[in-house]
Amino acid sequence: MSKPTKCVSVQTARDLQNNWVATRQPEIDRTLGYIDTREFFYSVEELEEFLNYVKDESKKQGITNPGIRIYFGAYNDEKSNKATVFLAPTNGDDKNSDNNYNIDPFNLNQGGWPPKNY
């Protein structure tokens, strides 16, 4: 299998992470009063399971090319108030595709602590 066209170099990824940490993390931490998480972990198996679920459920709805939108979120419960992300299926593979609210989003990830730099 060849490398996907949207891959970036390790250095580009490090630059993106470093820029986020330098320009956003201090303000978030200052506002919240604590260090928030900024990286999230899913196993490849978990992601494949979710993507296969989205493909199967989309096909049942007549959607042949679903997409995935990644949202930032934050917990607000007795276990955590940290940041999170969730993956939301869409009705198409275009950035302007509507969310598919007939398929549940994917969450319940793990974040490294303290947050791991890339």
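Read the figures in this text as sums done on the coordinates, not as results from a lab. Here the structure is a predicted model, which means the values were calculated and not measured. Ideal geometry is used to build each Cβ from the backbone, glycine not excepted, and the neighbour counts take in all protein chains shown.
Tabulated values for the structure
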item: Label zone at ASN81 (point 7 Å along Cα-to-Cβ), backbone N below 18 Å, region 20-35; result: 26-35
item: Under the Karplus curve 6.51 cos²θ - 1.76 cosθ + 1.60, θ = phi - 60°, whole-Hz ³J(HN,Hα) for region 95-105, x wherever Gly or Pro sits; result: 4, 9, 4, 6, 5, 9, 7, 8, 10, 5, x
item: Nitroxide proxy distance, nm - points 7 Å out along Cα→Cβ at GLU48 and TYR101; result: 3.4
item: Selected from PHE40, PHE72, PHE50 as most flexible by GNM, with the chain as the system and alpha-carbon contacts under 10 Å; result: PHE72
item: Nearest 10 degrees, 0 to 90: helix 10-23 Cα axis against the chain principal axis; result: 60
item: Cα centroid separation - region 49-67 against region 77-113, whole Å; result: 16
item: Contour minus Cα-Cα distance for LYS59 and PHE72 (0.36 nm per residue); result: 2.0 nm
item: Long-range amide H partners of ARG69 with built H, under 5 Å; result: ALA88, THR90
item: J(HN,Hα) series, region 34-49, from Karplus relation 6.51 cos²θ - 1.76 cosθ + 1.60, nearest Hz, glycine and proline x; result: 7, 7, 9, 6, 9, 9, 9, 10, 10, 6, 4, 4, 4, 5, 4, 4
item: Cross-link table LYS6/LYS59; LYS3/LYS60; LYS55/LYS79; LYS60/LYS95; LYS55/LYS82; LYS6/LYS116, entries beyond 28 Å C-alpha to C-alpha; result: LYS3/LYS60; LYS55/LYS79; LYS55/LYS82
item: Derived scalar couplings ³J(HN,Hα) [region 73-80; Karplus, 6.51 cos²θ - 1.76 cosθ + 1.60; whole Hz; x for Gly, Pro]; result: x, 8, 6, 8, 9, 5, 8, 6
